[in-house]
Amino acid sequence: SRAAEPTPEGAPDLDTVLLRNGPSARRSTRLTPLELAAWFGREPHTDHPASVSPVLATFVRWWSAGVDDETRQRLKPYVPRLVGTAAGDDDEREEAEQARRWLAVDWLVRVQAVAWLRTAGLVEAAERLAQVGPLVDEQELARAVEVLGSAITIASRRIDITASIVGRDVGADIDERFAWDSWEAVSEPTAWIAASETATQGAPGEVAYATDLRVIDCSREPKARDELEQTGSTVGGTAWTTALHAFGDEAWEQAWRAADRAAREVAGLTIRVEMGRIAKTAMLRAPSNDELPEAALEVAEQAAREALVRAAIRGGTPDRDGEHPWDAARDAARSSAGGGAWSVVIDESRRAVGEEAWHQAMADARTVVDDLLAQAPDTVARVVAAAVAREACSGAARGVAYRAAAVSRAHGADDDGAEVAATESLARTGAELREGAFDLLEALIEPRTPPGRP
């Protein structure tokens, strides 16, 4: 491994430093790991040192916040090695960052999830997941998502069965809460959250949030689970669909924001506002004005978003006729229900803001769409894998803790005894994963791009 940087002049000896949770106002001997890295990197006092890889910093920041004080001090020898991990030209940095993100995804799926599924007795799912190779191509990733989706369904049913056996008395409700508390207490030191945040680093927040929410609903909400069964859908398939649509929405919204900025710069106007104003006039001129202009525009915009979803699946490449995704989105809006009014809105807005502003706005929108859609396949894959892995871990572990608390209570334990039983049921796996997280940190410091993963 790479030798640690020599201690810079004025930096403290590591033995004299106490790593703390939470940024400090000034430099002292009580610092966060990243504040100490800034010191070693000869940077001003900060918890966001420029010399440290942003992806690696995400992992260190989240994990350090989730462990106890004793474990946090074990991070000190790694701190000097964080310095310089952001070095290299743009291509080198991005290659290393992508490798780090995928190392986190791989660890979350093939280490964390396998461990919790085994702990829960979901042996078949755990073994199937263990047999999945490194997540270096779409086939392996699809296999992993399928297995995790099935495991989520089984774990959810087991929790339901436990609830039906113990009944819905006060003790059962308390035991279910103990299961949640035990999982939260055990999972943070294992770097479960840190690995999740690292895996999805750089992904649009709305995409990750929408995907997480949908997977959680499919796991925990009876109505959503019933809908999956009735339609023959799977948790994994639903996660892919949700993430892609959320990405299309994000591309559309970011493109419009870029167009707005361009219009303000060139003409002092905001195209979206201007279009909204003209839409009302255009719709009032239309043969039927039963629907509000905003409603008609929403229909048109949804069609455009669908076009961007299709482009996201292809990675933002032009279609066989060479049409740009943003143009396809606008064409979809024109041809949708209410598209006649939409077409009028576009034409009148173009005249209102002026040709120069309009062309600049559309050019900026295209650029944003290009940049986003080029990232779509990779980003969506990471978001989906992280979402299903997180919920599989959570559901499996909570089921174990819930059953342990219920069994303990059935044998005469009080609330304290049930809570202890819930925590102890997860403790061994949690301790093993906490130690394994140091291996992940080592890999993130000096990443090796897996074969086949660009």
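None of the figures in this text is laboratory data; all of them are computed from the coordinates on show. Nothing here was measured: the structure is a model prediction, and the numbers come from that model. Please note: Cβ atoms are built from the backbone with ideal geometry, for glycine as well, and neighbour counts cover all protein chains shown.
Among 192-199, 130-137, how do they line up from the highest to the lowest mean number of other beta-carbon atoms within 10 Å?
Top of the packing list down: 192-199, 130-137.
Need one number: nm distance between label points at GLU43 and GLU253, each 7 Å from Cα along Cα→Cβ, rounded to one decimal.
A separation of 2.9 nm, rounded to one decimal place.
How compact and how long is the range 77-154, expressed as Rg and Dmax of its alpha-carbon atoms in Å?
16.0, 47
Could you state, as a whole-number percent, how many of the C-alpha pairs of the range 26-79 are farther apart than 12 Å?
The calculated P(r) of the range 26-79 puts 61 percent of pairs beyond 12 Å.
Write down the radius of gyration of the chain and its Dmax, each obtained from C-alpha positions, in Å.
Every Cα atom of the chain included, Rg and Dmax give 25.7, 79 Å.
Could you order the peptides 301-307, 351-357, 388-394, 57-63 from most to least packed, using the average number of other C-beta atoms within 10 Å per residue?
Top to bottom by mean Cβ count within 10 Å: 388-394, 57-63, 301-307, 351-357.
Kindly express, to the nearest 10 degrees and within the range 0 to 90, the angle between helix 415-445's C-alpha long axis and the longest C-alpha principal axis of the chain.
For helix 415-445, the angle is close to 70 degrees.
Taking Cα atoms, how many degrees apart are the long axis of helix 339-353 and the longest axis of the chain, rounded to 10 and kept between 0 and 90?
80
Over the range 14-82, what is the relative contact order in percent, taking alpha-carbon pairs closer than 8 angstrom and at least six residues apart?
32
Highest mean first, how do 180-189, 141-150 rank when packing is the count of other Cβ atoms within 10 Å averaged over residues?
Final packing ranking: 141-150, 180-189.
When you take every Cα atom in the range 330-454, what is the radius of gyration, and what is Dmax, the widest Cα pair distance, in Å?
So, for the range 330-454, Rg and Dmax equal 27.4, 79 Å respectively.
If the viscosity is 0.692 mPa s and the temperature 37 °C, what translational diffusion coefficient in µm²/s does Stokes-Einstein give for the range 67-209 when Rh comes from Kirkwood over Cα pairs?
D, rounded to a whole number, is 183 µm²/s.
Per 10 Å bin, what percent of the C-alpha pairs of the range 71-110 does each bin hold, from zero upward?
25, 35, 37, 3
Tilt of helix 54-66 relative to the longest C-alpha principal axis of the chain, in degrees (0 to 90, nearest 10)?
Roughly 50 degrees between the two axes.
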